[in-house]
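Undergrad: Handing you a structure now.
The values are calculated or read from the model by the stated rules, or taken from the named source; none is laboratory data. None of these values were measured; they are calculated from a predicted model. So basically every Cβ, Gly included, is an ideal-geometry build from the backbone, and we count neighbours across all protein chains shown. Accessible surface is based on the protein model in full, side chains and every heavy atom, while ligands, DNA and RNA are left aside. Shrake-Rupley method; radii C 1.70, N 1.55, O 1.52, S 1.80 Å.
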Amino acid sequence: MSLDTRQYRSDQAYGDKDVAQGKDVWSPQRTMMGEQQEQWLFNGIAQSDTRWNLLAHQVMMLNLAQRHSAQSELTYSMDQWSGYLYSRKRLLDFVQQHCPGNVVNITGDAHRHFAGDLLVNSDDKKPVSVEFLATSITSGSDGVGDNDHFSQSVRQENPWLKATTDKRGYVLCDIDRDHWRGDLKIIDKVMEQNGTLSTYASFVTERGNPGLQRA
């Protein structure tokens, strides 16, 4: 299922800045998908009899926190699902109730690779779904890798995050009856011709047992 998380949503909270999560992100008056699209999605999930369900949408669903310095507060993107926690919880709760373990999210628009587990609440012990966010193909030049301040911060603050790098590339998915594998493909350079393609990391989630494992 392909979602539109741009056209029907409420305006971003707090001026669309990366800030702490205030009460507005939990407001039931604010929506990521809009009422009609949400109901269409819930109906589709509830009636699905497929082995796997793919949700393709534009922005990250991981509730990803970062610190700009060791002393600063945790901040979150107001453009991503982390700025729409009421809508995010409604969707993940529905997945947990109706088809836990066979929903995979493929997202984008962060110009980095991300792979991680999706928990309804940050202190939950078990995820209900997983996410692969594909990096950009060329925008942002070659990228610096995975040891910059942002990468270090998000790895430290988000234990459900399994991998991130800003090298350019794409996500390649291989799916069988019981396993969904995602390969994070990267190219060492895009500013020059004949860059070298490699696999940065590979993860597998098992149907009925949500959570990414290194492959």
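Undergrad: Could you tell me which residue out of Leu133, Leu212, Leu54 lies farthest along the dipole of the chain toward its positive end? Charges go on the beta carbon: Lys and Arg +1, Asp and Glu -1, centred on the Cα centre.
TA: Result: Leu212.
Undergrad: For the range 37-90, what is the convex hull volume of the alpha-carbon atoms per residue, in Å³?
TA: On the way: hull volume 5.5 nm³, N = 54.
Hull volume over Cα atoms, normalised by residue count, gives 101 Å³.
Undergrad: Oh, and also: How would the range 1-97 be classified by its alpha-carbon gyration tensor: rounded, prolate or oblate, with rounded meaning a/c under 1.5 and the a/b versus b/c comparison settling the rest?
TA: Numbers: a/c = 2.40, a/b = 1.86, b/c = 1.30.
Prolate.
Undergrad: Now a separate question. Magnitude of the Cβ-charge dipole of the chain, K/R +1 and D/E -1, about the Cα centre, nearest 20 debye?
TA: Values: 23 positive and 28 negative charges, 54 e Å.
With only Lys, Arg, Asp and Glu charged at Cβ, the dipole is about 260 debye.
Undergrad: Okay, next question. Nearest 500 deg cm²/dmol is fine: what mean residue ellipticity at 222 nm does the chain get from its DSSP H runs of n ≥ 4 alone, each adding -39,500 (n - 2.57), divided by its residue count? Walk me through the intermediate numbers first.
TA: On the way: 3 runs with 36 residues, N = 215.
Estimated from H runs of four or more residues: -5000 deg cm²/dmol.
Undergrad: How long are the semi-axes of the ellipsoid equivalent to the range 133-206, from square roots of 5 times the Cα gyration tensor eigenvalues, in whole Å, largest first?
TA: 22, 19, 8
Undergrad: So between Gln39 and Leu172, what do we pick up on full extension, going 0.36 nm a residue minus the alpha carbon distance?
TA: Working: separation 133, 0.36 × 133 = 47.88 nm, distance 2.97 nm.
The span from Gln39 to Leu172 would gain 44.9 nm if fully extended.
Undergrad: Counting only protein chains, not ligands or nucleic acids, how are Ile175, Ile186 ordered by accessible area (probe 1.4 Å), most first? Write out the running numbers ahead of the final one.
TA: Values: Ile175 85, Ile186 25 Å².
Final ranking, largest accessible area leading: Ile175, Ile186.
Undergrad: Given a cut-off of under 8 Å on Cα pairs at least six residues apart, what relative contact order in percent is computed for the chain? Don't skip to the answer; put the middle values down first.
TA: Details: 480 pairs, mean separation 38.0, N = 215.
This gives 18 percent for the chain.
Undergrad: Another one. Could you give the nm distance between label points at Ile137 and Ser10, where each point is 7 Å from its Cα heading toward the beta carbon?
TA: Label at Ile137, label at Ser10, 3.6 nm between them.
Undergrad: Okay, moving on. Need one number: nm distance between label points at Lys89 and Asp18, each 7 Å from Cα along Cα→Cβ, rounded to one decimal.
TA: My value for the distance between the label points is 2.5 nm.
Undergrad: Can I ask one more? What is the sum of charges, Lys and Arg at +1 and Asp and Glu at -1, for the other residues whose Cβ falls under 10 Å from the Cβ of Val59? It would help to have the intermediate numbers written out before the result.
TA: Working: positive: Arg6, Arg9; negative: Asp79, Asp109.
For residues surrounding Val59, the net value is 0.
Undergrad: Give, as a single signed number, the net charge of other residues whose beta carbon lies under 15 Å from the beta carbon of Tyr170, with Lys and Arg counted +1 and Asp and Glu -1. Display every interim value, and only then the final one.
TA: Numbers: positive: Arg112, Lys167, Arg168, Arg181, Lys185; negative: Asp109, Asp166, Asp174, Asp183, Asp188.
Residues close to Tyr170 contribute a combined charge of 0.
Undergrad: If you don't mind, another one. How much net charge surrounds Glu38 when only other residues with a Cβ under 15 Å from its Cβ are counted (Lys, Arg +1; Asp, Glu -1)?
TA: Details: positive: Arg6, Arg9, Arg30, Arg88, Lys89, Arg90; negative: Asp4, Glu35, Asp93.
Taking every other residue near Glu38 into account, the sum is +3.
Undergrad: Lysines within cross-link reach of Lys23: Cα-Cα under 21 Å, excluding same-chain residues under 8 positions apart?
TA: The qualifying lysines are Lys89.
Undergrad: Calculate the dipole size of the range 1-115 relative to its Cα centre from +1 charges on Lys and Arg beta carbons and -1 charges on Asp and Glu beta carbons; express the result in debye to the nearest 20.
TA: In total the dipole reaches around 200 debye.
Undergrad: Same structure, new question: If eta is 0.692 mPa s and T is 37 °C, what Stokes-Einstein diffusion coefficient results for the range 89-173, Kirkwood Rh from Cα pairs, in µm²/s?
TA: Once the numbers are plugged in, D ends up at 237 µm²/s.
Undergrad: Further, regarding this structure: Two decimals is fine: what is log10 I(q)/I(0) at q = 0.11, 0.14 Å⁻¹ for the chain, from a Debye sum with one equal scatterer on every Cα and no solvent?
TA: -0.52, -0.86
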